[in-house]
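The values are calculated or read from the model by the stated rules, or taken from the named source; none is laboratory data. These figures come from a predicted structure and were not determined experimentally. Here Cβ is always computed from backbone atoms with ideal geometry, including for glycine, and neighbour counts include all displayed protein chains. The area values use the complete protein model at the heavy-atom level, side chains included, leaving out ligands, DNA and RNA. Shrake-Rupley method; radii C 1.70, N 1.55, O 1.52, S 1.80 Å.
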Amino acid sequence: MLRFALRRLIVALLVALTVMVLSFMLTRLSGDLAISIAGASATQADVEIIRRAYGLDRPLVVQFLDWIGRAAMGDFGESFFFKARVADLIAERMPITLTLGLTGLAIALIVSIPLGMLAAVRENTWVDRLVQVIAMFGQAMPSFWLGLILMITLGLQLGWLPISGTGSWQHYVMPGIVLAFSAIPALTRLTRSGMIQALGSDYIRTARAKGLSRLSILGKHALRNAAIPVVSIAAVQLGFMLGGSIVIETVFALHGVGFLAWESISKNDFPVVQAVVLVLALIYIALTMAADLLNALLDPRLRSA
Amino acid sequence: MSAPLLDIQGLRVEFGDTAAVRGASFTVSRGETHCVVGESGCGKSVSALAVMNLLARGARRSADRLVFAGQDLLALPERRMAELRGDRMAMIFQEPMTSLNPAYTVGSQMAEVYTRHRGGSRRAALDRAAGLLAKVGITAPGMRLGQFPHQLSGGLRQRVMIAMALMCDPELLIADEPTTALDVTVQAQILRLLAELQRDLGLAILLITHDLGIVARIAQRVSVMYAGEVVESAPTAALFADPSHPYTRGLLACVPVPGKVKREEALGSIPGVVPRIQPGFEGCAFRDRCAHAAPVCAGPVPRQRGEGAHEFLCRLPPGWTATERAA
Amino acid sequence: MSTATTMVRPQETAATPAIEVRNLRRTFRIKGGLLGKDREVVAVDDVSFSVPTGGVLGVVGESGCGKSTLARVILNLLPPTSGEVLVEGRRLSALDRRARARLIQPIFQDPFSSLNPRRRIKDIVAMPLVAQGNIPARQVNDRVAEMLTRVGLSAEQGERFPAQLSGGQRQRVAIARALVLRPRIVICDEPTSALDVSVQAQILNLLAELRRELNLTYLFISHNLAVVEHVASEVAVMYLGRIVERAEADALFRAPRHPYTRALLASVLTPEPGLGVPDVGLGDTLPDPANIPPGCRFHPRCPVAEPRCAVQVPQAVATTDGAAECLLLEGAAQP
Amino acid sequence: MSGAVVMPARRRVAWGKRAGLVIGGVIVGAVLLVAILAPWITPHDPFVQNLDNRLSVPFWMEGAKPGHLLGTDGLGRDYLSRLIYGARISMLIGLLTVVTSGLIGTTLGVLGGFFGGKVDDAVLFAITCRLAIPVVLVALAVVGLLGSSLTLVILVLGLLLWDRFAVVARSTTMQVRNLDYVSAAWAAGLSTPAILLKEILPNIASHLAVVATLEMALAILLEAALSFLGLGVPPPLPSWGLMIAEGKDYMFFSPWVIFIPGVALFILVFGINLLGDGLRDLLGAGDTR
């Protein structure tokens, strides 16, 4: 177990390093950062001052090593626009994004697992077909548009939920639903195919030959095996959801990390942008590692192979 | 003669436009091993699953008579049928590698059969499971109970399947190709085990196989299936001494027997391939591949009865083989 | 045979075997899973043999004994860890893929996975000819048609896709593909194991006819001893990567020397009623290629093992028509 | 033996699946046709503003103006014409992105799956890195830094969306590579490129076709999202996402301004997904996600 975890950790560190290089290079794409920071009205002298102030006159490698060294200590530098430490900005906004992501995941799991099971049990009937069409509906729905439609209907016309901002749990319901929509199709299909595979397996035939009740066959023997891939995909989906929260936070004006990123991109605030990219990537890496370990716990074949 | 334990008359199973079993009839008596033998697609496994009511959705089952220990299985609702399965009739399968649930321990899978049918504590069920594991020749049964299927070899898993089938002292054990996936040395061990258990427990075994060698060594009675029908049925010795259906004869000629068939000599073989039979097919299904086929074979085929409960489905009369041997 | 692919062969002496395998060894590293470190598995352990032209060497053994790995190593589908394979005196590893293809061809077990489902039958059979790169299309077509007829398939079946043929017909296609280049050696890896008995007999008969007609040499790998007894002129018994007994076929079946061979033979169930199920006496410990026992590798299962078998490694002992690796024979077989 | 047992009753719903394929094909075909014929079938110039005729309502509402079937937007531009030109953007983005990402992903996946070992380790590492990068964020950042343009959006999405191609190509190649017909091809003396092109690619193509539809749908949705956030296709180009963004200001009073492009987007993506789903069943490609 230890050896396995260690190997995963090393790969994770290498991935993190690569993402760091990429996110660093990303901010250097536009050419001269000093000019973009200084803005269109700045004079040549202003640009030079800024260049020196931010250490942009040094070679790229030095800049990168400097950034990476500080980032490892949790220091992502200072935001140009917010005039605050980037780490503090992210720490302040992260709870909102995490709440949103977990709400979305919870809604997605609550909807998709029963739907997927239902479709599998009724495979190749109109019920199955309907579930698949519903999943495809979710997949085809542009999330930002769905958000706007919900704001008009549930928010404005019916007045059930607040339209934007944070403050109460009600504020997370609509964005949560919208975010869940992005994960429901994949999770439903996965539950369905996992259950169909389990139900068609030899051990389910054995369970039937043993005269077990339908409940025990479905709930105990089939679900346990179908759940194994769902768990790892759920963790990955949470990672994608956090990455995708930028659109939904912007639509609902939720001041989370995604919103922060969007603001920073619009303001050319590159230390914030590269830090957010890195933090989201690290969260994703951590989530996939957690999923691997969880899988090993659920699947005895992985546990002691 | 007392009533047989399992009495199947005119069993039919159809999937869509394929007739998998077409009026198969055979009986299994208490304490007897009855082998159903045939090539893939002949309907032997489907017949076994039909008895257990384990056919896949979409399969249509019907029969003139399907009686187990005096109960009409055709009239039994699935819930009552489930109460019989695993309790009075048990089944083991071909693939021991996939027939056990990978997510649960051997012990928990064995115990649940007992608690489901007989109730009682899990502890008591586990004790019984340990005893049965020992009985099927597994050493250190206590340790095995806590293991997961993937930690066992194929032969051990099949032993676990057998022990699990015996949890509730069934009267009938249906074994569907139980040794096909195993090595020859392990196959011999498993078959010996089945033979022993049958002797000790008075079990009736319905064994499905494609291997005439297994049939010869373990069965008291044999039914040969071809294209969904039982084409020949006889006590084992009688069948091998005087195979009477042309298909049975062809099949036996195909098997290389050490010391019997000369090396450079060709094996006997049956020309052509097994036809796919649709519902409503008339006549003998073997006629296109048969050297003895005649125009009448397209019509209804008579069931010939030879000596000592030796039956076969053919236009040729009982004893026709004697004239062929003379020729 | 007067085709562009027929090559000038080195002077064949009577003593040159069709195929010779020298000290072949193949190991694998397997990942240690969550716990434990990587282990080395010796799948084929110092295997040597030779087969004369026109001979059939049957290789038998249980699953995991390394017989299929042996086939793949001989075909160079897996490079050997050490050792070499010579066909008619020429080292296979020194030949390019085209020359190798002209000498040695495989027939695999599973007629479903051995044919590319997206190609027509005639194209599958033509593939080895096309791969040679210098045979005119006309000639390719002629030879494919000739080969299809020879294995009992019609020209019309040549236009079909594999999914439209039965298992036996597909195996005929595999045979046609293997023989279209007129190779010297054919490695048959369980060629009839996936087939029903009636079809198995057809394929075995076809293989035997073709061997006589084309003067082929077969390496015939199978777990089915009855089949091997029928086709092989010589038999090698493999156990955990080693050939533990090798003998002329009749001798081996009449008087097996190695206890493992005896157990294998005892477990063959011939269709002879009244004999009952034999007791092979092997116990229930199973061979694990990743964990080969010290001394004689068969000793944990051997019904006649002595204490020395657990420590001393047996050497090959010459028997009447071959050799066997068993300590119990070492004392007895002195000249 | 057990093959007969697990035979489900497929016949009954076969037409349902085929209907999906046909409906999806018709939707995608129609949108493609409209996109190609855009200059000839639009009733108005999609870029001409008419501030006297702003937010004219579509035909199903009272007060609709003839000549503007779907009304006009906040700048008085004909909505139907903009919608038709928007189809061009969506299809262009979808197709070109899929070509770019398909080439990258398939090449990586096939090489990793075929050669295994170190090559495969490298490919897996690349896939893991790619998955760790938040797509929307990075795409936004790049467009934000380099300035929005259609080419840039296609390039960025193409360079970001190859992961599923690589994953599927890799796993299917691994499966196929271990089949006996590939061994037979080696033994027959076929060269490595010939084996890749003739024996492996044709047998994984159906899986890749299904992935292509999924990725095309995703690319179209992502472009819309980027444009919606103002960092995708630059105005005044009529991207559906941009139309929704522009309509956002009026949505509480004139919901149809966001309703119309949203529905168009939904129908197109739904059609592509139906097509992919139908293809999956038709080609027997199994579950590729």
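Label 7 Å along Cα→Cβ of A:Ala106; the stretch A:178-204 residues with amide nitrogen under 15 Å?
Correct set: A:178-180.
Rank by packing, highest mean first: peptides C:192-203, C:231-242, with packing defined as the count of other Cβ atoms within 10 Å averaged across residues. List each step's numbers first, then the result.
Working: C:192-203: 22.6, C:231-242: 24.4.
My ranking of the peptides, most packed first, is C:231-242, C:192-203.
Which residue, B:Ala163, B:Ala90, B:Ala56, tops the fluctuation ranking in a GNM of chain B built on C-alpha contacts under 10 Å?
Looking only at B:Ala163, B:Ala90, B:Ala56, the biggest GNM fluctuation is shown by B:Ala56.
Take the Cβ-Cβ distance between D:Gln175 and A:Leu294 as r, set R0 to 35 Å, and report the resulting FRET efficiency rounded to the nearest 0.05. Provide the component values of the computation, followed by the final result.
Values: r = 26 Å, r/R0 = 0.75.
Calculated transfer efficiency: 0.85.
In whole Å and largest first, what semi-axes does the C-alpha gyration tensor of chain B yield when each eigenvalue is scaled by 5 and square-rooted? Intermediate results must be reported in sequence, preceding the final value.
Details: eigenvalues 268, 105, 60 Å².
They are 37, 23, 17 Å, listed from largest to smallest.
Just subtract the alpha-carbon distance of A:Ile163 and A:Ser41 from 0.36 nm times their residue separation and send over the number in nm, one decimal.
Values: separation 122, 0.36 × 122 = 43.92 nm, distance 3.77 nm.
Extra length available between A:Ile163 and A:Ser41 comes to 40.2 nm.
Scaled to the compact-protein estimate 2.2 N^0.38 Å, what is the alpha-carbon radius of gyration of the stretch A:25-138, rounded to two decimal places?
Numbers: Rg = 24.6 Å, N = 114, 2.2 N^0.38 = 13.3 Å.
Output field value: 1.85.
Once you place label points 7 Å from the Cα toward the Cβ at C:Asn141 and C:Asp96, how far apart are they in nm?
2.8
Of C:Thr149, C:Thr16, B:Thr209, which has the most accessible area with a 1.4 Å probe, and how do the rest follow in descending order? Intermediate values should be presented prior to the final figure.
Values: C:Thr149 100, C:Thr16 40, B:Thr209 5 Å².
Reading off the accessible areas and sorting them downward yields C:Thr149, C:Thr16, B:Thr209.
If you average 1/r over every pair of different alpha-carbon atoms in the stretch C:188-335 and take one over that average, what Kirkwood value in Å do you get? The partial results should precede the final answer.
Details: mean 1/r = 0.0589 Å⁻¹.
The answer is 17.0 Å.
Averaged across A:17-25, how many Cβ atoms of other chains sit within 10 Å of each residue's Cβ atom? The partial results should precede the final answer.
Values: counts 1, 7, 7, 0, 1, 5, 5, 0, 0.
Rounded to a whole number, the mean comes out at 3.
Averaging over every viewing direction, what projected area does the convex hull of the Cα atoms of the stretch D:20-111 cover, in nm²? Before the final figure, lay out the partial values.
Values: hull surface 33.5 nm².
So the Cα hull casts an average projection of 8.4 nm².
So how strong a dipole does the stretch C:96-213 carry about its Cα centre when Lys and Arg Cβ are +1 and Asp and Glu Cβ are -1, to the nearest 20 debye? Could the numbers behind the result be given before it?
Details: 19 positive and 12 negative charges, 99 e Å.
In debye, rounded to 20, the stretch C:96-213 gives about 480.
Give or take rounding to whole Å, what are the principal axis extents of the alpha carbon atoms in the stretch B:63-137, in descending order?
Per principal axis, max minus min of the Cα coordinates gives 40, 30, 24 Å.
Only helical DSSP H runs with n ≥ 4 go in: add -39500 (n - 2.57) per run for the protein assembly as shown, normalise by residue count and round the 222 nm mean residue ellipticity to 500 deg cm²/dmol. All intermediate terms of the calculation are to be shown ahead of the outcome.
Numbers: 45 runs with 629 residues, N = 1256.
So the helix-based figure for the protein assembly as shown works out to -16000 deg cm²/dmol.
Only helices at least 20 Å long along their own axis, judged from Cα atoms, and with Kyte-Doolittle mean hydropathy of 1.6 or greater: name those in chain A from DSSP H. Could the numbers behind the result be given before it?
Numbers: long enough: A:2-27 (37 Å, 1.95); A:86-121 (50 Å, 1.70); A:126-140 (21 Å, 0.86); A:170-199 (40 Å, 0.78); A:223-251 (39 Å, 1.46); A:270-298 (42 Å, 2.13).
In chain A, the long hydrophobic H runs are A:2-27, A:86-121, A:270-298.
Could you work out the mean count of beta carbons from other protein chains within 10 Å of each residue's beta carbon in A:143-154?
Values: counts 4, 11, 14, 2, 0, 11, 5, 0, 3, 5, 1, 0.
Partner Cβ neighbours, averaged per residue: 5.
To the nearest µm²/s, what D does Stokes-Einstein give for the stretch C:56-186 at 10 °C and 1.306 mPa s, using the Kirkwood radius over alpha carbon pairs as Rh? Don't skip to the answer; put the middle values down first.
Details: Rh = 15.9 Å.
Translational diffusion coefficient: 100 µm²/s.
Expressed as a whole number of Å, what is the distance separating the alpha-carbon centroids of the stretch B:201-253 and the stretch C:247-274?
24
B plus A alone minus the pair: what accessible area, both sides summed, probe 1.4 Å, in Å² to 100?
Values: alone 15520 and 16590 Å², together 29850 Å².
Answer for the B-A pair: about 2300 Å² buried.
Give me the one-decimal nm value for the distance between modelled label points at D:Ala122 and C:Glu84, 7 Å along each residue's Cα-to-Cβ direction.
3.3
Just counting partner chain Cβ atoms within 10 Å, what average do the residues of peptide B:263-275 show around their Cβ?
Working: counts 9, 5, 3, 7, 12, 3, 11, 6, 2, 4, 8, 4, 0.
For peptide B:263-275, the averaged partner shielding equals 6.
At R0 = 45 Å, how high is the FRET efficiency between B:Thr115 and B:Thr321 if r is their beta carbon distance? Nearest 0.05 is fine. It would help to have the intermediate numbers written out before the result.
On the way: r = 54 Å, r/R0 = 1.19.
Working from the Cβ atoms, E equals 0.25.
What are the extents of the Cα atoms of the stretch A:154-230 along their three principal axes, listed from largest to smallest and rounded to whole Å?
The principal-axis extents, from largest down, are 56, 21, 21 Å.
So if I take the alpha carbon set of chain D, get Rg, then get Rh from the Kirkwood formula, what is the Rg over Rh ratio? Don't skip to the answer; put the middle values down first.
Numbers: Rg = 22.7 Å, Rh = 21.2 Å.
Result: Rg/Rh = 1.07.
May I ask for the percentage of alpha-carbon pairs in the stretch B:98-167 that lie more than 20 Å from each other?
On the way: 385 of 2415 pairs.
The calculated P(r) of the stretch B:98-167 puts 16 percent of pairs beyond 20 Å.
Mind listing which trypsin sites (Lys or Arg not before Pro) in the stretch C:249-285 are in a DSSP loop and have 13 or fewer other Cβ atoms within 10 Å? Write down the numbers at each step before the final one.
On the way: sites: C:Arg254, C:Arg257, C:Arg262; in loops: C:Arg257.
Passing sites in the stretch C:249-285 do not exist.
Please report the orientation-averaged projected area of chain C, defined via the convex hull of its C-alpha atoms, in nm².
Numbers: hull surface 80.8 nm².
Taking the Cα atoms of chain C, their convex hull projects to 20.2 nm² on average.
Give the average over all directions of the projected area of the C-alpha convex hull of the stretch D:36-179, one decimal, in nm². Before the final figure, lay out the partial values.
Details: hull surface 50.0 nm².
Over all viewing directions, the stretch D:36-179 projects a mean Cα-hull area of 12.5 nm².
Measuring from centroid to centroid over Cα atoms, what is the spacing of the stretch A:119-135 and the stretch C:63-136 in Å?
If you average the Cα positions of each part, the centres end up 46 Å apart.
Just tell me, in residue order, which DSSP H segments of chain B are both 15 angstrom or longer along the helix axis (alpha-carbon based) and at least 0.5 in mean Kyte-Doolittle hydropathy.
Values: long enough: B:106-118 (18 Å, -0.79); B:122-135 (19 Å, -0.06); B:154-165 (16 Å, 0.55); B:184-201 (25 Å, 0.46).
Qualifying helices: B:154-165.
Going out from 0 in 20 Å bins, what whole percent of all Cα-Cα distances in the protein assembly as shown drops into each bin?
9, 32, 34, 19, 6, 0
Once you put a point 7 Å from the Cα of C:Asn291 and another 7 Å from the Cα of D:Leu103, both along the Cβ direction, what distance in nm separates them?
Those two pseudo-labels are separated by 5.3 nm.
Provide the gained length on full extension for the span B:Arg57 to B:Lys260, in nm with one decimal, where the gain is 0.36 nm per separating residue minus the Cα-Cα distance.
Numbers: separation 203, 0.36 × 203 = 73.08 nm, distance 4.57 nm.
Once the chain is fully extended between B:Arg57 and B:Lys260, it gains 68.5 nm.
Rounded to whole Å and sorted largest first, list the principal axis extents of the Cα atoms in the stretch D:145-289.
71, 35, 17
Compute the normalised compactness of the stretch B:161-207: alpha-carbon radius of gyration over 2.2 N^0.38 Å, N being the residue count. All intermediate terms of the calculation are to be shown ahead of the outcome.
Working: Rg = 10.5 Å, N = 47, 2.2 N^0.38 = 9.5 Å.
Output field value: 1.10.
Compute the relative contact order of chain C as a whole-number percentage, counting only Cα pairs closer than 8 Å that sit 6 or more residues apart in sequence.
On the way: 608 pairs, mean separation 64.7, N = 335.
Answer for chain C is 19 percent.
Given the whole protein assembly as supplied and a 1.4 Å probe, what does the accessible area of B:Leu172 come to in Å², nearest 10?
0
Which listed residue (B:Ile162, B:Thr115, B:Met143) has the Cα farthest towards the positive end of the charge dipole for the stretch B:98-167, taking +1 on Lys and Arg C-beta and -1 on Asp and Glu C-beta about the Cα centre?
It is B:Thr115.
Residues of the stretch A:187-305: accessible area per residue at 1.4 Å, in Å²?
For the stretch A:187-305, the solvent-accessible area averages 30 Å² per residue.
Identify which of C:His230, C:His258, C:His299 has the largest mean-square fluctuation in a Gaussian network model of chain C, with springs joining Cα atoms closer than 10 Å.
Greatest mean-square fluctuation among the candidates belongs to C:His230.
Rounded, prolate or oblate: which fits the stretch A:95-304 when a ≥ b ≥ c are the square roots of the eigenvalues of the alpha-carbon gyration tensor, with rounded for a/c under 1.5 and prolate only if a/b beats b/c? Present the calculation step by step, with values, prior to reporting the outcome.
Details: a/c = 2.93, a/b = 1.65, b/c = 1.77.
Oblate, since a/c reaches 1.5 and b/c is not below a/b.
Taking chain A as a Gaussian network, Cα atoms linked when under 10 Å apart, which of A:Asp269, A:Asp88, A:Asp66 shows the biggest mean-square fluctuation?
Greatest mean-square fluctuation among the candidates belongs to A:Asp66.
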